[in-house]
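Asks: So that we are looking at the same thing, I have put the structure below in structure tokens.
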Amino acid sequence: MHWNNNMIPRILRAAGAGLITVLIAVLVLASNKNNEAAQAAGSEETETAQNTYDVNTNEEIRELIRSYYDAYAAGDTAALEQIVKPLSDEEKGFVGMFSEYVDEYENLICYQKQVPGENSYMVNAAVDILFRGIDTPAPGLDFFYVETDEDGSLYINNLYCQFNSMMEVDPVNPKTQSMIEDYEEQMDVVLLKESVQKRYESAVMADPALGELISSTIRDAYTSWATEPDETEGIVTAAVETEAIESEAPEPETETESVTETETE
């Protein structure tokens, strides 16, 4: 099974929170049709904040996140493995399921802050998700923890992305996790989330088809996928059951001794 049965109710309860990524544990997406307007809004939101983020100032980060969304939309886990570390088998399965409903992601805006004293970045990515057959884009917001590899290239530390944060597939570094939690509470980040939430709610209100897709179609597909028996688990279970039956079965009686005695009499 993909997930412990106790995990499913928690995920479904989270679906009521509004942002589509909370629903599916991986894609808290956000944006504005007009990039310049979105950047201006971000600047207004952060004027009074002590810790402000940079908006689209690092092209390498933006290209990295762009590649991530392109691969996610295409269901291309091989491409994802080139830019994220690690990529669990559970998330690979999820990518395959979710990509069936997605056309593309557009209007990417990256809000990033560099980790003090490190070549690492905490990034909120704003982007519109275009679902197949739906006219209205769905806004949302995603978080990425971007680090620098030994060769100087950037990659996404996937331990701190939405999927693993919700599913807890792999353990995280408590110190890094605590730093990210502090970041999430900073005023400019809080204001950005609130702005995205309002845009998301407006989109759903304006297009019932979008709301139906997210709250019903994708929710049901996710639940079905998450509770689907794992084929390899079934094979192992069958093998164990067969071994148990064989071990409990009585050994066949042998007549060798009685036949020998009869023949020699």
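Asks: Just the residues that are assigned to a helix (DSSP H, G or I) and among the acidic types (Asp, Glu), please, taken from region 199-211.
Replies: Once the filter is applied, which keeps residues that are assigned to a helix (DSSP H, G or I) and among the acidic types (Asp, Glu), region 199-211 yields only 201.
Asks: Counting only residues that are farther than 27 Å from residue 223 by Cα, give me the helices (runs of 4 or more DSSP H) lying completely in region 79-198 with at least 3 of them.
Replies: 174-184
Asks: Looking at region 49-78 only, could you name the residues that are of a type in the set (Gly, Ala, Ser), under 23 Å from the mean Cα position of the chain (by Cα) and open to solvent by less than 40 Å² (accessible area, probe 1.4 Å)?
Replies: If the condition is that a residue be of a type in the set (Gly, Ala, Ser), under 23 Å from the mean Cα position of the chain (by Cα) and open to solvent by less than 40 Å² (accessible area, probe 1.4 Å), then 71, 73, 75 are the ones that fit.
The values are calculated or read from the model by the stated rules, or taken from the named source; none is laboratory data. On a predicted model such as this, the values are computed, not experimentally measured, just so you know. Just the protein is used for accessible areas: all its heavy atoms, side chains included, with ligands, DNA and RNA removed. Shrake-Rupley method; radii C 1.70, N 1.55, O 1.52, S 1.80 Å.
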